[in-house]
Amino acid sequence: MKKLPADRPAITAFAPQKRCYQNITAIAPLQTDLDELIRWQDYVKTQIDHYTRKRNTWVSWSAVAVITVFLSISLITAAGSIGVFLGVPGFLVAVGVAAYTGSRAKKFYEQLQFFEARGFSERSYRHECLSRLLTLLERDIAPDQKLRLRLDLAPITDSRKSVSKAPNRRHRERQNEYFEDNWLKLRSAFADGTKFQLTVLERYIVCTWRNQNNNARRREKHKGFKIDLALRYAAEQHADLARLANIARSAVQLPQVAQLQGLEIQRDRLAMKVTLPQEASAALLAQTITLMLLSAYQILNLARIRANQAS
Amino acid sequence: MSQETWTIYALGGGFGHLQRALALARQATRQQHVHLLVNSRYWPWVQPHLTALFDPAARANLQVSWRSPDLGRAATRAWIEHSLLTAPGDRLIVDTFPRGLVGELATLLSRLPIPRILVHRDLNPDYVRVQNLRRFVTRCYDQILIPGEGSQVPFADLPTAQLLAPWLLYAAAELPSVAIARSRLGFAHDPRPLAIVLAAGRADELTTYGQLLATLHDHYPQLCWCCLAPNLPPDCPSALWRSLYPALAVLPAATLVVGGGGYHTVYECQALNRPLIALPRSRLYDRQQARLQRQSDHQPITIVRSLAETLTAVEHQLCTGNAVRSPETWQFTSGIAAAVAAIRVL
Amino acid sequence: MRIQLDWTDPMTGGPRRPQYETPVAFGQEFSQLPSELNGQRVSRLILADPALSPYHGVLKVNTLGELAIALRPDATAGVNGQPYTGETVTLQTGDRLQLGALELTVTMLSAPDAAEAEPARAWGVTVAPAGQSPPVAGLASQAAAGAAPSPGMPCDRLVGFLFPRRCGRTSREHCPHCQGGEIDDDPYFLASERSIYPNYGYYGGSSWGSEYTEDLTPAEAQPGEASNYDFTEADAAAFAVTSTDFEQDLDAS
């Protein structure tokens, strides 16, 4: 019996319909799952390439067969008895070949659809970014510490991510659809007891309209990322944060393209908001988040030194 | 003679604190008023079930004050102070947290000239050490009742401690037969043995249970799977989800239970002698792993850490036949009656 | 051999007295320093002096059991005020080693000395910013060789990314940091990734936080310890203490 292709990664915490990974577990199994997701993405990509080639090949053969059918018909009608003598067998063969190649093309088209509906290759930077981050953070997270992770790998234009629709301000006949994709939510605690929450939100606009020929037109624009980091720590282990808060913004170092939107420090919590105004690679995203964490800890470490000295 | 009022302080997340308090109140309200202070997220869901849990006369003796856990520490502290100072009742029974959930009882207890009883569920020894709780408990509590947790818990060696059987909502005689329990769950006509996933604990843990149930259901169709949870866990097939309370009222139907290591999951399975496959959860104060290890000497418990281990454990239970055995009768004693008697004599 | 190096931090004016197991590789860039020489694990010392090479040289014990300094090609140094290049020179306790603008005094420690001497501190002690140049990183390496856990002794390898701290394990078995002793390199895990934040963990000189620390220094610092706001052993130890989050969460059970 022919083995059916796998229709989902071998991860129970991954919901294939939503293409969303959601789990509460320690860092090691989380990394294993992410590796599996990356393997799955590679597998899907390979399959899509494979079936695209197959489909194209069979569509080409099918087109040749159809052309041959028409040529045969022309031959039969135009060249009298010789035409009939040559054309009829040719017609019959061509029809057979066209039917066969058409069915093969259809089969591979269905396989292609199957994988296109399950893959998330276009969002590969998400789990790559997270994988990079976890490699850094595992040094500061206890091995048995649970992490609560929600990683949404569905396309950003998925209908559940649509937040509003409005006419385009410049071209009133065009319709803008706004998408917000809160694709990462990671919560856990570091080994020093500080709890953290990291969320990444991605914005996207799809503009649709019809041109003068009434053909549908579509333009898409990435509107950047919004990254929120929140830390909650033991107030008694950090001193003078109220004073430090005045100069805290200058402790924040970010990649050039990133912008610090907000930094709020209280005696037991810190919140940092950063935006990236454009599309970003996994490396840039991971670097931005890493710098946010380092910036936050540059402040907290000093506050902790002060608390130690005070005690 | 006017009736006494017992105030039960049962703040804390999850089901445990609320359910222990309700178990005690169910017995106590037969003779006195009970004022329950709770903040469990599950209370709004539990509340409609009270009429089935209490007979009308007892229900009239029960007053429940609830605040959301999202209220904030300061507001919760103010609420508790106001409640206890304006109407302390004749006995104060504090569940689990000697100093209160946010430390609000630390300065309040000395201002309450009534007998104070601590219901001692297991506690994180770090917390006991950090807050010097042994000294505090010795000074501030007249009696310590230890329902089911045995002598390994932090205050068990104090002179006022009294070991009791676990507190369960129902006595053995009150439990329904297997057939009735199955019909309550809607599986009366399914011939397969019934395995129940108890999705208790924190609301955010529902996801794990949903995924667990979906996987178990796929892997072991020879068992009839069902998930008991207040809300439909994500990824859980809705046909297998039941929103029933209390779980003990349908637990006789189970031949196998999968759940956490919380107080009631463990002791209810012990009472009914049901095999339990347990994933111990991490808690700030409770030690589920320790409870499960302790109890695994006395009842059929398999401690698992992952989905893979859960599947292995279910496989094992099926091979040994434990997962399909269903005793019709059970014998257990709830510690509630003894607790009420002990509180009354104070 | 265990040695102690003493010098004055030109940035803070404070004394530095870390101890190392030989061999000790030193230079400006951590990533350029070897983690192993002839099968021996190497202690790595970062000296952020612009006159030094990324990998400047190594202090090691020669076949006669003497402490010797060997420089990399083109690297220069001075011993007791005499410049030298090339040949290996042996050192005695009290010898002064000139490396760029820094002068380090060498002390060879007997076992009791090693036990009594001030232990190396977690952060900052091995960073020696010279002149006005900023340090390449606020983090530098304590020994890797000396960090290995001996039976019954906690491992003093620094681990962590955001808040480096002592490993403290008494065995390498199942150690997540060195993978059971298989990973001997960078004891400051992922220091290169951390270097995307220049001066991380450093609060002296013109770095962020210096205004704040200077502001507090006169009244609160001890003489000789002015502006030393880098992480200390006590700071590192503080990380080991579990945060007491008790009586905070209204949803806890």
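The values are calculated or read from the model by the stated rules, or taken from the named source; none is laboratory data. These figures come from a predicted structure and were not determined experimentally. When we count neighbours, we look across all protein chains shown, and the Cβ atoms used for this are built from the backbone with ideal geometry, even at glycine. With ligands, DNA and RNA removed, areas are computed over all heavy atoms of the protein, side chains included. Shrake-Rupley method; radii C 1.70, N 1.55, O 1.52, S 1.80 Å.
Brief remarks follow.
Conditions (1) within 18 Å of the chain's Cα centre (by Cα); (2) more than 14 Å from every other protein chain (Cβ to nearest Cβ); (3) in a strand (DSSP E or B); (4) of a type in the set (Lys, Arg), marked per residue:
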| site | (1), (2), (3), (4) |
| --- | --- |
| A:Val95 | no, yes, no, no |
| A:Arg104 | no, yes, no, yes |
| A:Glu110 | no, yes, no, no |
| A:Phe115 | yes, yes, no, no |
| A:Leu130 | yes, yes, no, no |
| A:Leu136 | no, no, no, no |
| A:Asp144 | no, no, no, no |
| A:Ala166 | no, yes, yes, no |
| A:Arg169 | no, yes, no, yes |
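- One residue from B:Arg129, B:Arg99, B:Arg134 being touching a helix residue (DSSP H, G or I) at 6+ places or on another chain (Cβ under 8 Å), within 14 Å of chain C (Cβ to nearest Cβ) and open to solvent by 30 Å² or more (accessible area, probe 1.4 Å): B:Arg99
- Cβ-Cβ distances below 7 Å connect the following pairs, each with a first residue in segment A:184-198 that is farther than 13 Å from A:Asp140 by Cβ, a second residue that is open to solvent by 10 Å² or more (accessible area, probe 1.4 Å) and of a type in the set (Lys, Arg), and a separation of six or more residues or different chains: A:Lys185/A:Arg150; A:Arg187/A:Arg148; A:Gln197/A:Arg187.
- For A:Leu149, the criteria (1) within 14 Å of another protein chain (Cβ to nearest Cβ); (2) part of a helix (DSSP H, G or I) hold in every case but one, which is (2).
- Condition met for B:Arg91 (charged (D, E, K, R) and open to solvent by 40 Å² or more (accessible area, probe 1.4 Å)): no
- Pairs, first in contact (Cβ under 8 Å) with a residue 24 or more places away in the chain and away from chain C (no Cβ under 14 Å) in segment B:1-27, second assigned to a helix (DSSP H, G or I) and surrounded by fewer than 24 Cβ atoms within 10 Å (Cβ to Cβ), C-beta under 6 Å, six or more apart: B:Gln27/B:Val340
- Remark: A:Ala271 falls outside the filter, which requires a residue to be farther than 19 Å from A:Leu134 by Cα, more than 8 Å from chain C (Cβ to nearest Cβ) and more than 32 Å from the chain's Cα centre (by Cα).
- Applying the set (1) surrounded by fewer than 20 Cβ atoms within 10 Å (Cβ to Cβ); (2) within 27 Å of A:Arg169 (Cα to Cα) to A:Arg187 leaves exactly one unmet item: (2).
- Checking each residue in segment A:193-224 for being in a strand (DSSP E or B), of a type outside the set (Phe, Trp, Tyr) and within 14 Å of chain C (Cβ to nearest Cβ) picks out A:Lys195, A:Leu198.
- In the set (1) of a type outside the set (Ser, Thr, Tyr); (2) more than 13 Å from A:Ser295 (Cα to Cα); (3) open to solvent by 40 Å² or more (accessible area, probe 1.4 Å), A:Ile227 fails one condition alone, (3).
- For C:Thr93, the requirement of being in a loop (DSSP other than H, G, I, E, B), β-branched (Val, Ile, Thr), free of Cβ contacts under 8 Å to residues at least 40 places away in the same chain and within 19 Å of C:Leu5 (Cα to Cα) is met.
- In segment B:102-117, the count of residues that are in a helix (DSSP H, G or I), surrounded by fewer than 18 Cβ atoms within 10 Å (Cβ to Cβ), assigned by TED's automatic domain parsing to the domain that holds B:Leu18 and of a type in the set (D, E, K, R) is one or more.
- Flag for B:Arg111 being charged (D, E, K, R) and over 22 Å from B:Arg294 (Cβ atoms): yes
- Of residues in segment B:191-211 being open to solvent by 40 Å² or more (accessible area, probe 1.4 Å) and over 17 Å from B:Tyr42 (Cα atoms), the one nearest to the other protein chains (Cβ to nearest Cβ): B:Arg192
- Single unsatisfied condition, B:Leu279 versus (1) touching a helix residue (DSSP H, G or I) at 6+ places or on another chain (Cβ under 9 Å); (2) open to solvent by 30 Å² or more (accessible area, probe 1.4 Å): (2)
- The set of residues from segment C:31-60 being more than 16 Å from C:Ala101 (Cα to Cα) and open to solvent by 60 Å² or more (accessible area, probe 1.4 Å) comprises C:Ser31, C:Gln32, C:Glu36, C:Asn38, C:Gly39, C:Gln40, C:Lys60.
- Apart from one condition, B:Thr51 fits all of (1) buried (at least 20 other Cβ atoms within 10 Å of the Cβ); (2) more than 30 Å from B:Gln293 (Cα to Cα); (3) among the hydroxyl-bearing types (Ser, Thr, Tyr); the exception is (1).
- Which listed residue is more than 24 Å from A:Asn23 (Cα to Cα), among the hydrophobic types (A, V, I, L, M, F, W, C) and outside the structural domain of B:Glu149 (by TED's automatic domain parsing), from B:Ala254, B:Ala229, B:Ala278, B:Ala313: B:Ala254
- Hits in segment B:166-208 - residues which are over 26 Å from B:Ser334 (Cβ atoms) and touching a Pro at 6+ places or on another chain (Cβ under 6 Å): B:Leu206, B:Thr207
- Flag for B:Leu240 being closer than 25 Å to C:Ala252 by Cβ and either free of Cβ contacts under 8 Å to residues at least 60 places away in the same chain or in contact with a Leu (Cβ under 8 Å, 6 or more places away or on another chain) (or both): no
- The residues of segment B:321-346 that are over 23 Å from the mean Cα position of the chain (by Cα) and at pLDDT 80 or above, listed by number, are B:Val345, B:Leu346.
- Of all the criteria given as (1) more than 12 Å from A:Ala230 (Cα to Cα); (2) outside any helix (DSSP H, G or I), the one not satisfied by A:Leu284 is (2).
- For A:Arg132: the one exception among (1) open to solvent by less than 70 Å² (accessible area, probe 1.4 Å); (2) touching a residue at least 12 places away in the same chain (Cβ under 8 Å): (1)
Here is a yes/no grid of residues against (1) modelled with pLDDT of 85 or more; (2) among the charged types (D, E, K, R); (3) open to solvent by less than 50 Å² (accessible area, probe 1.4 Å); (4) not in a helix (DSSP H, G or I):
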| site | (1), (2), (3), (4) |
| --- | --- |
| A:Glu36 | no, yes, yes, no |
| A:Arg39 | no, yes, no, no |
| A:Thr57 | yes, no, no, no |
| A:Ser62 | yes, no, yes, no |
| A:Val66 | yes, no, no, no |
| A:Phe70 | yes, no, no, no |
| A:Ser81 | no, no, no, no |
| A:Leu86 | no, no, no, no |
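- The condition (being touching a strand residue (DSSP E or B) at 6+ places or on another chain (Cβ under 6 Å) and either without any contact (Cβ under 8 Å) to a residue 12 or more places away in the chain or more than 14 Å from chain C (Cβ to nearest Cβ) (or both)) is satisfied by just one residue among A:Ile227, A:Ile247: A:Ile227.
- Among residues of segment A:253-300, those that are without any contact (Cβ under 8 Å) to a residue 40 or more places away in the chain and farther than 17 Å from A:Gln197 by Cβ, counted: 10
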